[in-house]
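Below is one structure, written out as structure tokens, with a few remarks after it.
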Amino acid sequence: MTATGARAGKLITPGAVTTDKEDVGVFPAGAVRVSGSLSVDPDVTGYDASFTGYTVLGSTMYATSYLLTLDGVVDPTRPTYYRVGGGWGDTTFFETTRYWDYPKLPNLTTQYQLRTDGTLTRWEMYYNNGNNPRLWANKQSATGFGAVKTMAMISQTLTYDTFLANTRGGALYTIRLPRTSPMKPVVKKVRGSTWQAFDALVAEKCGQYGTMLVGIDKDTQSAYAYAVGHANGTATVIQGLGKVPATFADPVYFRLQIRPGDARMLFGE
């Protein structure tokens, strides 16, 4: 997300990067603090695509969406912000996980927030096909993550979600969150040092069991790519793919994925 409130995408492959045209007019300039991944639906009658997600504007969480016209510009009448609630000003990381092994059920949507005090919180979204939905339900929290700088989702399964997290001290960990209640994170060290520079991590599936990881350093406006094998603690194989040939000067980064049901489920741990 740019400082002007536009969505600007980058498609990163080893040694190359393609920059999308900016979607201008999505958010007010300077308003976005944190964003979860956005989901894009390319099949919207009368439009090119729709984009939906959850975004923290200032200290308030919103369910947000916008439409691209057939001319490829943001419909100025359709950026929408549905207020979820206030009190999100201390959020350092947020993600929406969307698990759906289409056409099989269940279709699971889960929200995760990391706060400055090191509290990691999970909510479940029960849409029930629009029949008496229960949103932001079954709140569960765990403490002790104050050293975490940022995270990226690397696994989404029927029984757990997993994040890859770096710390301010330079370590790299996996944080597995079983869907059981109460929430009991399972933390494993992957590396002990050298990962402290990254302010944002963005991950995508690579092969059947691996992860393509991009670490973004906002101080130097640079990013580095890695091929990460199926996570297994310190035995995890990580291959450096080099510096990404682009400038990363935007304030907020997140993953863009195709709509649930069509998106490939991440399985990096």
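The values are calculated or read from the model by the stated rules, or taken from the named source; none is laboratory data. Here the structure is a predicted model, which means the values were calculated and not measured. Cβ: placed from backbone, ideal geometry, glycine included. Neighbour counts: every protein chain shown. Note: areas computed on protein heavy atoms with side chains; ligands, DNA, RNA excluded. Shrake-Rupley method; radii C 1.70, N 1.55, O 1.52, S 1.80 Å.
Once Rh for the chain is found with the Kirkwood sum over Cα pairs, what is the Stokes-Einstein diffusion coefficient at 25 °C and 0.890 mPa s, in µm²/s? My calculation gives 129 µm²/s for D.
Candidate cross-link partners of residue 218 among the aspartates and glutamates, defined by an alpha-carbon separation under 16 Å and a same-chain spacing of 8 or more, comprise 199, 250. Accessible surface calculations at 1.4 Å, restricted to protein heavy atoms, place the chain at 46 Å² per residue. The residue list 39, 70, 59 was ranked by how far each Cα lies along the charge dipole of the stretch 13-84 toward its positive end, using unit charges on Cβ atoms, and 59 comes out on top.
Charges were assigned to the Cβ only: +1 to each Lys and Arg, -1 to each Asp and Glu. The resulting dipole of the stretch 37-129 about its Cα centre is roughly 280 debye. Figure note: 104, 188 ranked by solvent-accessible area, largest first, 1.4 Å probe, ligands and nucleic acids not counted: 104, 188. Would you mind working out the magnitude of the charge dipole of the stretch 94-231 relative to its Cα centre, with +1 at each Lys and Arg C-beta and -1 at each Asp and Glu C-beta, to the nearest 20 Debye? About 380 debye. A 1.4 Å probe, protein heavy atoms only, puts the accessible area of residue 204 near 60 Å². Surface listing: 123, 100 arranged by accessible area from highest to lowest gives 100, 123, probe 1.4 Å. The dipole here belongs to the chain: it is taken about the Cα centre, uses +1 on the Cβ of Lys and Arg and -1 on the Cβ of Asp and Glu, and is about 900 debye. A DSSP coil position with no more than 16 other Cβ atoms inside 10 Å describes the following trypsin sites (Lys or Arg not before Pro) in the stretch 1-79: 21.
A simple count of charges around residue 50, restricted to other residues whose Cβ falls under 14 Å of its Cβ and scoring Lys, Arg +1 and Asp, Glu -1, yields -3. Look at the alpha carbon pairs under 8 Å that are at least 6 residues apart: their mean separation over the length of the chain gives a relative contact order of 16 percent.
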